[in-house]
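Read through the structure below, which is laid out as structure tokens, and then see the notes.
The values are calculated or read from the model by the stated rules, or taken from the named source; none is laboratory data. These numbers come from a predicted model, not from an experiment. Cβ sites come from the backbone with ideal geometry, for glycine too, and all protein chains shown count toward neighbours.
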Amino acid sequence: MKKMMKRMVSLFAAAVMTASVLVGCGNGASGTSGSSAAADPALTMEQGTITMDEARLYTYVMKSQYEAYYGNEIWNMEVQEGVTFGDSMKAMITDELVQMLILSSQAEDYGVSLSEDDKTSVDEYVESFKTSVGEDVMEEEGITEDAVRSIVEKSTLAGYVYQAMMDAEEVELTDDEKAEATCIKVQHILISTTETVKQDEEGNNVDMTDEEAEAYRTSQKELAEEVLQKAQSGEDFKTLADEYTSENAGFEFSFDKNGYDPVNYSYMVEPFYTAAWELGEGEISGLVESDYGYHIIKCISLNDEEATEAALSVLEDQRQSESLNEKLVAMIEEAEYTVSSEWEAFKIESNTEETETESTESAESTTDETETSQESESAAE
């Protein structure tokens, strides 16, 4: 069965599940947080309304995720003249909320709804968020329990609608695309040249000298030439691999013309897959050198049907996703909605007072450490 590549997932539901890592990360988006009734609108359109507490909630989660990686000083940075990173984030959040509303409003049209399990999960998400973030932080940020529930429900429905739209999205792969997705199957022997560590007389691991490393690589190449001759003379390839190949090097691989294995989601190194694709079925390569050593490759099949089917499925999903996302971008650009004055005034920016306090404390700490160091040096003299 074809695996769906769901580009549109329940972002907020996932964030709630990991809310515990966000505690203390959010510093509050400045503006008018918590100053109005929960039901005041932020965005109003034909499909429905996003309230201010829903918008603040979504902002809090997104802001906290970014600050967990980049700190809280990023929001005032200019990404282009007159536009801060906070401005850019708010525009992105607005687009995502509009898309969520557009998609979730089509749930009935696509015959999707929240199951009893979904509703139970929503309840669990709400409780998880309240426990992890804390009701005091929710009050400070202007976030209500109803907002958590509403956004998770909308986000979950939007994900279901997106998947239904993906199922209905028709794409046709070209002959060239199908050819690119075709996967070969090869077998492989690797004579490694990476083991350039030796044991000294005391049993400690030490690096080889340059001369020793060069001699080692030369001997490994000579060994690889011997193994290649045995393989080309008809000795069993698997037996040779068991005897000579480097540990954990792997024996059998399938991949497309770009070296991608769609079953194991991995890539081959460039010299390896390029040489492999030059072989005919049943042929054995010469020595193929990579950073890992000397490869000897035997082509088993010019079309591994299982891997090729997986590659075609992945490619079809990608094309469906690209096609649908183009339509969603157009939907957002064409959507008509009203932005409330409160959401218009809402800002995502760094807490400059906290940043200045942290800088002052850091400077004072550095000064104290310098003075202590100087006193210690004087005492030592």
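Brief remarks follow.
- Of all the residues in the range 61-78, those that are charged (D, E, K, R), surrounded by 13 or more Cβ atoms within 10 Å (Cβ to Cβ) and closer than 24 Å to L97 by Cα number 2.
- Hey, E81 touching a residue at least 24 places away in the same chain (Cβ under 8 Å), closer than 24 Å to E344 by Cα and either surrounded by fewer than 18 Cβ atoms within 10 Å (Cβ to Cβ) or over 24 Å from the mean Cα position of the chain (by Cα) (or both) or not: no
- Taking the range 172-204 as the range and being exposed (fewer than 10 other Cβ atoms within 10 Å of the Cβ) and not in a strand (DSSP E or B) as the test, the residues that pass are E172, T174, D175, D176, D200, E201, E202, G203, N204.
- Total residues in the range 244-269, condition in contact with a strand residue (DSSP E or B) (Cβ under 7 Å, 6 or more places away or on another chain) and on the phi < 0 side of the Ramachandran plot: 15
- If you go through the range 248-307 and keep only what is of a type in the set (A, V, I, L, M) and not in a strand (DSSP E or B), you end up with A249, V263, M268, V269, A275, A276, L279, L287, L302, A307.
- Flag if A158 is touching an Asp or Glu at 6+ places or on another chain (Cβ under 6 Å) and among the hydrophobic types (A, V, I, L, M, F, W, C): no
- Of the residues making up the range 97-117, just one is surrounded by fewer than 18 Cβ atoms within 10 Å (Cβ to Cβ) and either aromatic (F, W, Y) or under 25 Å from the mean Cα position of the chain (by Cα) (or both), namely Y110.
- Meets criteria (modelled with pLDDT of 95 or more and not in a helix (DSSP H, G or I)) for T44: yes
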